[in-house]
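I have placed the structure first, in the form of structure tokens, so that the comments after it can refer back to it.
The values are calculated or read from the model by the stated rules, or taken from the named source; none is laboratory data. For clarity, every value in this text was computed on a predicted model and none was experimentally measured. Cβ placement follows ideal geometry from the backbone for every residue including glycine, while neighbour counts extend to all protein chains displayed.
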Amino acid sequence: MDIIQLTENFVKDKLKGDVTGHDWNHIDRVRNAALFICKKENSGNPFIIELAALLHDVADAKLNESKEEGIQLLEQFVDSLSLEEGERNHVLKAIATVSYSGGNNAKPETIEAKIVQDADRLDAIGAIGIARTFAYGGKKGHVIYDPSVDARENMTEEEYRNGQSSTIQHFYEKLLKLKELLHTNTARKIAAKRHQLMESYLEEFYKEWNGSYEEYFN
């Protein structure tokens, strides 16, 4: 069995039953988006990009008992693959910079890392991004919206992960910021439409939340 197939099987088993929006379908979308960006930009090593995209959530603190446990699991699996040392280090380095982490994560240095991060961030915005945000908020016990609570700024990673917020506030704490944080022209072009959709969704959300009924009769 080749490395990609082995990795697919490992990730499917690791993420089975996930209801937070970090399931296998998310991984597959990120993989496909990353490979599309790679081809469109004519840049990066597609093998490193695909492997990093497949594994990018394995060590995520959201999906493990601890960040250290997740990193150990990821490294053990990568070390079990028939990779050259340079490939191993390249993949792990790319994965280490994918997560948003409240804006506190290290910036990606290689084109492969930038492409995988772009692909992951594209899946956090637009129609699917909205759906994933509400799925994750429900799992974490967040209310849909609390008008008395402002969106948080300048959070530590711990505050971002575990502080109290609402799902609507999360749009302002993360999702609406992502368009300006992308690295590739391809990702930015895709993000423009998805960002606009989120803004339109929020505009409609507030109208319905505030009971703006008269406009339906104008």
(message) Quick check on my filter: what residues within the range 55-98 are within 22 Å of residue 35 (Cα to Cα), part of a loop (DSSP other than H, G, I, E, B) and not aliphatic (A, V, I, L, M)?
(response) 56, 57, 60, 82, 84, 97
(message) Consider the range 103-116. How many of its residues are buried (at least 19 other Cβ atoms within 10 Å of the Cβ) and either more than 24 Å from residue 40 (Cα to Cα) or of a type in the set (Asp, Glu) (or both)?
(response) 1
(request) Filter the range 74-86 down to residues that are crowded, with 16+ Cβ neighbours inside 10 Å and without any contact (Cβ under 8 Å) to a residue 40 or more places away in the chain and give me whichever is farthest from residue 6 (Cα to Cα). (result) 74
(request) For residue 210, indicate whether it is at pLDDT below 90, exposed (fewer than 14 other Cβ atoms within 10 Å of the Cβ) and not small (Gly, Ala, Ser). (result) no
(request) Within the range 23-42, track down each residue that is touching a helix residue (DSSP H, G or I) at 6+ places or on another chain (Cβ under 6 Å) and buried (at least 20 other Cβ atoms within 10 Å of the Cβ). (result) 27, 30, 31, 33, 34, 37, 38
(request) May I ask you to list the residues in the range 49-94 that are β-branched (Val, Ile, Thr) and under 18 Å from the mean Cα position of the chain (by Cα)? (result) 49, 58, 71, 91
(message) I'd like to verify a number: residues in the range 179-195 that are without any contact (Cβ under 8 Å) to a residue 60 or more places away in the chain and surrounded by 13 or more Cβ atoms within 10 Å (Cβ to Cβ), how many?
(response) 2
(request) Scan 119, 52, 124, 33 and give me the residue that is part of a loop (DSSP other than H, G, I, E, B) and at pLDDT 95 or above. (result) 124
